[in-house]
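Written out below as structure tokens is the structure these notes cover.
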Amino acid sequence: MTAELSAIGEAIVAAKARVRDCDLAYHKVAADVAQLTDSVVSAHADGNDARAAKASKERAKLEQTTLREAAERLEGAKLAVSRSEAERGLFARNNIDALLRERAKECSAAAQATEAAVEQLGQAHARWHAVEAELAALLRLAGRSTGDLTRFPEALATLVRDARRAEGVGVPAPGPSHLLQPVPGRRVPDRETA
């Protein structure tokens, strides 16, 4: 289902690229018509009726065929985008449960990664303080002051404290609550209390 939805999305991208191409083609023809209009006016200003008639004939041909066809192509390309977007919306609406189920592993992995990051944050903080303690012990052993040792940033220390407080809180997988799967080994909180 996800692959099919992606294919529809790619069709939308291709349709939008076609709109851009058709729009450029339309504006090029419109510029050619404007240039021929200027030529007609200029020829009339010079009193050259033959040149004005020739430019007018070329302009009429462009307006009646090429410009009209370019406008129709542009409108058709825009309609194709609208149809593709409607198809994508209808597909998602008709297949939403299956699409969400296909992403269940990704959702669980995201929740597990979050839990692992919280745990790693605590471990990194503990390691930092262990190294700091070793350095302080070395400085004291050498009879040196420990007053200029760097301090762990308070903003990060706050994050570590908050992460420790949240240790017992399970991270739910993202998605609608009726489809949430508990992360193995963790309690999934109710959405209202999370």
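Taken together, the values in this text are just the output of simple stated rules run on the coordinates, not laboratory data. Since we're looking at a predicted model, the values are computed, not measured. For neighbour counting, all protein chains shown are included, and Cβ atoms are generated from backbone atoms with ideal geometry for every residue, glycine included.
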**Study point:** Principal-axis tilt of helix 104-141 within the chain, Cα atoms, nearest 10 degrees
**Key:** 50 degrees
Study note, to complete from the structure: Diffing segment 21-29: the Karplus 3J(HN,Hα) column from phi (6.51, -1.76, 1.60, θ = phi - 60°), in whole Hz with x for Gly and Pro, holds 5, 5, 5, 4, 4, 4, 5, 5, 5
Point to revise | Selection from LEU121, SER108, GLY89 lying farthest towards where the dipole of segment 68-137 points positive, charges on Cβ | key: GLY89
Study note, to complete from the structure: Between GLY170 and residues 5 or more places away or on another chain, the pairs with built amide H atoms under 5 Å apart involve ARG187
Review point. Where a ≥ b ≥ c are the square roots of the eigenvalues of the C-alpha gyration tensor, would you call segment 106-169 rounded, which needs a/c under 1.5, or, failing that, prolate if a/b is larger than b/c, or oblate?
Key: prolate
Review point. Whole-Hz Karplus ³J(HN,Hα) for segment 48-58, in order, using 6.51 cos²θ - 1.76 cosθ + 1.60 and θ = phi - 60°, x for Gly and Pro?
Key: 9, 5, 5, 5, 5, 5, 5, 5, 5, 5, 4
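Grab the Cα-Cα distance for ALA124 and LEU5, subtract it from 0.36 nm times how many residues apart they are, and report the gain in nm with one decimal.
Details: separation 119, 0.36 × 119 = 42.84 nm, distance 4.10 nm.
This chain segment gains 38.7 nm when fully extended.
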Practice item. Enumerate the calculated ³J(HN,Hα) couplings along segment 95-102 in order (Karplus 6.51 cos²θ - 1.76 cosθ + 1.60, θ = phi - 60°), each rounded to whole Hz, writing x wherever the residue is Gly or Pro. Key: 10, 4, 5, 5, 4, 5, 4, 5
Check your understanding: Using a basic spin-label model with each label point 7 Å from the Cα along Cα→Cβ, how many nm lie between ALA71 and GLU132?
Key -> 7.3 nm
Exercise for review: Could you bin all the Cα-Cα distances of the chain into 10 Å bins starting at 0 and give me the percent of pairs in each, rounded to whole numbers?
Suggested key: 8, 16, 14, 13, 12, 11, 10, 8, 5, 2, 0
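FRET efficiency for ALA98 and LYS16, Cβ-Cβ distance as r, R0 = 35 Å, nearest 0.05?
On the way: r = 27 Å, r/R0 = 0.76.
Given R0 = 35 Å and the Cβ-Cβ separation, E is 0.85.
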Check your understanding: Under the definition of Cα pairs under 8 Å and six or more residues apart, what whole-number percent is the relative contact order of the chain?
Key -> 22 percent
